[in-house]
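Worksheet: one structure, shown below.
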Amino acid sequence: MSNILPTYPRSNLTFEYGKGSYLFEANGDQYLDFGSGIAVNSLGYANEYLNEKLMLQAQKLWHVSNVYQIPEQETLAKRLCDLCFADYVFFCNSGAESIEAAIKIARRYFYVTENSKTKNEIITFTGSFHGRTLGALAAGGLEKLDGFNTAVPGFKQVKYNDHDGLLAAINKNTAAILIEPIQGEGGVSVLPVECLNGLRKLCDENNILLIFDEVQCGFLRSGKMFAYQWSDIKPDIMTTAKAIANGFPLGATMTTKKVGEVMNHGTHGSTYGGNPLAVAVGNAVLDLMQKKDFLENLEKVSSYFFLGLQDISNKYPDSISEIRGKGLILGLKCVKDNITFVEELRQQKMLSIKAGDNVVRLLPPLTLSIKECDEALNKITKVCQAGN
Ligand SMILES: *Cc1c(COP(=O)(O)O)cnc(C)c1O
């Protein structure tokens, strides 16, 4: 038997190494990876610049406690704040942890500023995914706590796209609305800009904090550094992780000065969060993403790929009924079973990820080339031709 707790239904693929957009098995078999470790390896595998920066830092200092100054962490925080609405960053190690910090910050905000012991309710949406810790699970829907004999109060879930339901859920104890600007696990649903605007207005009118979960859709995945930047509005708090350090565990919760100020000494912490090794990689990721032609290439490749997918969907409407998403967070809405589609793509030596709503999720590295797009489009076509 395996000694690993059996929480994952694992495929029997074993990868030995990766290079760019490809993963390799020990026997040399090569897979085009359109999963990227679930939106993590946005700069591909074995990137030389990232390796070099990681090795340099590894030789100097891996870890020191957050009770000391960490200059590279200051640098990364400053760079992140320059890229979005935020004034403060809290570094942690994962998406779920960045959600936990967001929950604490939002609830503490009203505890401190209004001396409120009851304004703690957080509204979330069906189809959302926020992580696996107890608070993050509750945010993803209270039914996810079934089987754990655990009650986590203070969360209310509203149907995605149900405007009236959202209005009805708001009351004087609503502290925050938490939403993914693009749902990943739920099936690659893009929240329209009008809805982002509407949410901001609703929050302002009702003294509610707006939290965006950009763990999956952040860091240029959607074609903007953060997906909310397709609109002109700003959240009060934002959670990030996944692509932030291309696979080195790192997460970051960002917030405004006004909200972040309530988190005084001792109110939150993390042993590893933002340690020198993690932030060295985080800074190196931004070095590459902020290069002049990075976004240009991404825009070119993602529009090319989207059009190619639309062609396939037009040709094989019995296989793919709709193409969803933005940038390189894309979803194929399958007519038949999405799990079979993922398996058949795997037989074509292409990796993809299933999502909710019978969708196949495509999350290739953002460094994808046109040639690799063509290869992917061919493989997807073959699966459709075979009748899935
Ligand atoms: C993956 C994900 C999380 C959880 O991240 P972990 O690093 O697995 O804890 C939270 N929110 C969204 C939107 C995600 O995609």
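Structural remarks
- Screening SER270 on (1) among the hydroxyl-bearing types (Ser, Thr, Tyr); (2) within 23 Å of PRO192 (Cα to Cα); (3) within 24 Å of the chain's Cα centre (by Cα) shows it passes everything except condition (2).
- Residue in the stretch 253-269 that is small (Gly, Ala, Ser), surrounded by fewer than 18 Cβ atoms within 10 Å (Cβ to Cβ) and in contact (Cβ under 8 Å) with a residue 24 or more places away in the chain present: yes
- The stretch 334-388: number of residues that are of a type in the set (Lys, Arg) and under 30 Å from ASP293 (Cα atoms): 4
- Applying a threshold of 7 Å to beta carbon distances and a minimum spacing of six or more residues, or different chains, the list of pairs starting in the stretch 64-89 at a residue that is in a loop (DSSP other than H, G, I, E, B) and ending at one that is among the small types (Gly, Ala, Ser) and loosely packed, with under 15 Cβ neighbours inside 10 Å reads ASN66/GLY269.
- In the stretch 337-388, residue surrounded by the fewest Cβ atoms within 10 Å (Cβ to Cβ) [restricted to those that are in a helix (DSSP H, G or I) and of a type in the set (Ser, Thr, Tyr)]: THR340
- Taken as a whole, the condition of being among the hydroxyl-bearing types (Ser, Thr, Tyr), crowded, with 23+ Cβ neighbours inside 10 Å, within 23 Å of the chain's Cα centre (by Cα) and under 24 Å from PHE34 (Cα atoms) applies to THR239.
- Evaluation of VAL112 against the conditions (1) β-branched (Val, Ile, Thr); (2) buried (at least 21 other Cβ atoms within 10 Å of the Cβ); (3) away from the ligand (no atom under 16 Å from the Cβ) shows that the sole unmet condition is (2).
- Residue check, LEU202 more than 24 Å from the chain's Cα centre (by Cα) and in contact (Cβ under 8 Å) with a residue 12 or more places away in the chain: yes
- Applying the criterion of being more than 21 Å from ASN207 (Cβ to Cβ) and β-branched (Val, Ile, Thr) to the residues of the stretch 89-109, the residue that is nearest to the ligand (Cβ to nearest atom) is ILE99.
- Odd one out for VAL40 among (1) of a type in the set (A, V, I, L, M, F, W, C); (2) at negative phi; (3) more than 16 Å from the ligand (Cβ to nearest atom): (3)
Read the figures in this text as sums done on the coordinates, not as results from a lab. Because the structure is a prediction, the values reported are computed rather than measured. With ideal geometry, Cβ positions are generated from the backbone for all residues, glycine too; neighbour counts draw on all protein chains shown.
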